[in-house]
Amino acid sequence: MRLDLTQLMNKRIPSLSFGFSLTLGDVEDAPQLPDDISLPAPIQVSGSVIDNDGYMALRVHVSADYTTVCDRCLAPLKGTVSFPLKRIVTTGGAGTENMDEDDIVWVKDGGINFDREILEAVILELPVYHLCSDDCPGLCDTCGKKIGDGCTCGEKKEIDPRMEIFQKLLDKMDK
Ligand SMILES: [Zn+2]
Ligand SMILES: [Zn+2]
């Protein structure tokens, strides 16, 4: 993804604002996503570059769908991270030496490419824990099935004493 800013820099856009909506391209030597995360669709980026008389401000909204698995029961999960991102766009010059390098996107050949910044920000925004539900009971140590959904180990142990004799009878019939 490359945004051409030559028109903005040459002040040919009356409003001095330039809106766009793009999807993230491939990032060279991309930062690694966590092992359990994959991105099924390109990251969506929309926003604008506004010329504030001397320096340009990039304001975007980032939205990324991801897939992962529940940390407890390994059920597949989908999620979305969505957040705003602001950067100063500059060609260098006075004042920039005092700015935090992380806040700056440098103009190269009349345009900017901030795919890497976006991808790094998405990785930071991804939640560390993933649960299919807050009270997910996880997998049974004995049978490996999800507790409350397929696992019956606990149910056998909690059998009503009055039913025990009936259960023994059933067990005998099985033999
Ligand atoms: Zn779960
Ligand atoms: Zn079980």
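The values are calculated or read from the model by the stated rules, or taken from the named source; none is laboratory data. This is a predicted model, so every value here is computed, not measured. A quick note on method: Cβ atoms are made from the backbone with ideal geometry, for glycine too, and the neighbour counts reach across all protein chains shown. Side chains included, ligands, DNA and RNA excluded: accessible areas come from the protein's heavy atoms. Shrake-Rupley method; radii C 1.70, N 1.55, O 1.52, S 1.80 Å.
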Residue check for Arg72: in a loop (DSSP other than H, G, I, E, B) and charged (D, E, K, R): yes
In region 150-168, the residues that are modelled with pLDDT of 70 or more and open to solvent by 100 Å² or more (accessible area, probe 1.4 Å): Ile165, Lys168
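Listed here are the residues, each with its yes/no results for (1) within 16 Å of ligand 2 (Cβ to nearest atom); (2) open to solvent by less than 70 Å² (accessible area, probe 1.4 Å); (3) within 30 Å of Asp141 (Cα to Cα); (4) not polar (S, T, N, Q).
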| position | (1), (2), (3), (4) |
| --- | --- |
| Val27 | no, yes, no, yes |
| Gln44 | no, no, no, no |
| His61 | no, no, no, yes |
| Arg72 | yes, no, yes, yes |
| Arg87 | no, yes, no, yes |
| Thr91 | no, no, no, no |
| Asn98 | no, no, no, no |
| Asp102 | no, no, no, yes |
Residue check, Leu8 open to solvent by 50 Å² or more (accessible area, probe 1.4 Å) and outside the structural domain of Thr142 (by TED's automatic domain parsing): no
Yes/no for Asp51 being more than 30 Å from Ser133 (Cα to Cα) and modelled with pLDDT under 95: yes
